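K.L.:
Please see the structure below; I have some questions.
The values are calculated or read from the model by the stated rules, or taken from the named source; none is laboratory data. For clarity, every value in this text was computed on a predicted model and none was experimentally measured. Quick reminder, even Gly has a Cβ in these numbers, built from the backbone with ideal geometry, and neighbours come from all protein chains shown. Only protein heavy atoms, including side chains, enter the accessible area calculation; ligands, DNA and RNA are left aside. Shrake-Rupley method; radii C 1.70, N 1.55, O 1.52, S 1.80 Å.
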Amino acid sequence: MMAQQNDFSRGSVPRNIMSLALPMTAAQLVNVLYSVVDRIYLGHLPESDSLALTGLGITMPIVSILMGFANLCGTGGAPLCSISRGQGDDREAERVMGNAFVLLLILGAASTAFFLALKRPILYLFGASPDTFPYADGYMSIYLCGTLFVMISLGMNPFINAQGFGRTGMMTVLLGAAVNIALDPVLIFVLRMGVRGAALATVFSQALSAAWVLLFLTGKRAILRLRRENLRLDKGRTVKIVSLGLSGFFVNITNSLVQVVCNATLQYYGGDLYVGVMTIINSIREVFIMPVQGLTNGSQPVAGYNYGARLYSRVRQSIRFSVGATVAYSLLFWLTAMALPEPLIRIFKDDPAIIQAGVPALRVYFSLFLFMSLQIAGQGVFVGLGKSRQAVFFSLLRKAIINAPLTVLLAMWMGAEGVFTAEAVSQLIGGLACFTTMYVTVYRPLGRLEDGAEAF
């Protein structure tokens, strides 16, 4: 009965997508609250001015890298599970999930050891100053001790969603976020732990989320279960997971690269003030971009399942719906950012200097956000259909090839404003390039195939 219920080859395609996308979007939004709520609380610490908020912003590239490793396994394995399910091969789907889990554990342990050993030079490389380093160091020292919890909760939750259990996947995040939000004010303000309290609350809440994921995936409700016999790494299967997961991995790694370049450049041209402004803008971006990613992630299991079942007309329907919904939402966010920049900034810091520098920077940064949504939609199609090369290329194109070099070049010409302008330009070029390629190489060829035919 359960497998029949989660058969994406039947029923309305938009309804199938939204049944996953709505809870996944809610989960994505709540997941962002882990770090965003930390920044809101720390931004209002009276004794730290804006240094605590800026120090936390310095740690964001490291957090992004850790999330990248989780995405390497989650976004690499989950679409392969959906395709295998569509082909009727649940046994292979379980093997993929088991291999992804072992890979998560290995990467989590290795990254924890690496960043703990090189924490000080890395934080200074990422833009810390003598004033902000104590805050960045205090946060990361505790956060890194919970890396495995973060990796399991983020990396294995996509396998719950891939089986059609969107609400259960949402609960993974809701459980941890509720605990994090409740613990933050107690640890930060009541017990006067500051940034260490924020990190401890995050680690504890992620541990609860990880436990929830593992209980479900080893329990009787799951269609695909995490079984001991599937925990032995297979070279061919691991290569497939990593190849497809490199797209999600490079999204986070290139985000981290750009954050490092931006923080270092802003530290040189504008000091701690502009690093704090970028921290706030990145926080706003994370919150508002989550529904876009939720829609994309919700469409991937549906598209992948029907692609595996050779129902190409339904794959095209999923692409049309996800792209249309993504663009419509992005337009609403763009209007909000252009009309209400100051209230958005005041959520994090009610400081005249931050607001004066932040309002024009925010408007420039988000001026071409609509094109960024096209990249997310197009790249989501590549990942959902298992097309790893295209997904990886466009992950690298916008951030590593366009954004990072342009940040340095425009800053030499325009100062701190050039950093925010570089982001807008990269959104325009990267978004158009990715979406156009997806349309020409995937959407149109699918239209020439009859259902049941061999895919291109």
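K.L.:
Hey, among 301, 291, which residue is in contact (Cβ under 8 Å) with a residue 60 or more places away in the chain and under 28 Å from residue 87 (Cα atoms)? Working first, answer last.
P.N.:
Details: 291 fails: under 28 Å from residue 87 (Cα atoms).
Selected residue: 301, the only one of 301, 291 that is in contact (Cβ under 8 Å) with a residue 60 or more places away in the chain and under 28 Å from residue 87 (Cα atoms).
K.L.:
Taking only pairs six or more apart or across chains, which ones have beta-carbon atoms under 7 Å, a first residue in segment 115-127 that is farther than 23 Å from residue 273 by Cβ and in contact (Cβ under 8 Å) with a residue 24 or more places away in the chain, and a second residue that is open to solvent by less than 80 Å² (accessible area, probe 1.4 Å) and charged (D, E, K, R)?
P.N.:
Pairs found: 119/137.
K.L.:
When segment 429-449 is examined, which residues are found to be open to solvent by 60 Å² or more (accessible area, probe 1.4 Å) and not β-branched (Val, Ile, Thr)?
P.N.:
Result: 432, 439, 444, 448.
K.L.:
Just for segment 82-104: of the residues that are among the hydrophobic types (A, V, I, L, M, F, W, C) and in contact (Cβ under 8 Å) with a residue 60 or more places away in the chain, which one is farthest from residue 234 (Cα to Cα)?
P.N.:
If we filter segment 82-104 for residues that are among the hydrophobic types (A, V, I, L, M, F, W, C), which is where we start, we get 83, 93, 96-97, 100-104.
Checking the rest, the ones that are also in contact (Cβ under 8 Å) with a residue 60 or more places away in the chain come to 83, 93, 96-97, 100-103.
Working: 83: 18, 93: 13, 96: 9, 97: 12, 100: 10, 101: 12, 102: 11, 103: 11 Å.
It comes out as 83.
K.L.:
Also, quick follow-up: Please determine whether any residue of segment 367-388 is over 28 Å from residue 437 (Cα atoms) and surrounded by fewer than 20 Cβ atoms within 10 Å (Cβ to Cβ).
P.N.:
no
K.L.:
Now for a separate question. Out of segment 173-229, which residues are assigned to a loop (DSSP other than H, G, I, E, B), in contact (Cβ under 8 Å) with a residue 12 or more places away in the chain and either of a type in the set (Val, Ile, Thr) or in contact with a Phe, Trp or Tyr (Cβ under 9 Å, 6 or more places away or on another chain) (or both)?
P.N.:
Those that are assigned to a loop (DSSP other than H, G, I, E, B), in contact (Cβ under 8 Å) with a residue 12 or more places away in the chain and either of a type in the set (Val, Ile, Thr) or in contact with a Phe, Trp or Tyr (Cβ under 9 Å, 6 or more places away or on another chain) (or both): 221, 222, 223, 224, 226.
K.L.:
From 426, 395, grab the single residue that is surrounded by 18 or more Cβ atoms within 10 Å (Cβ to Cβ) and at pLDDT below 90.
P.N.:
After ruling out the rest, the residue left standing is 395.
K.L.:
May I pose another question? Restricting the search to segment 8-44, which residues are assigned to a loop (DSSP other than H, G, I, E, B) and at pLDDT below 75?
P.N.:
Answer for segment 8-44, where residues must be assigned to a loop (DSSP other than H, G, I, E, B) and at pLDDT below 75: just 44.
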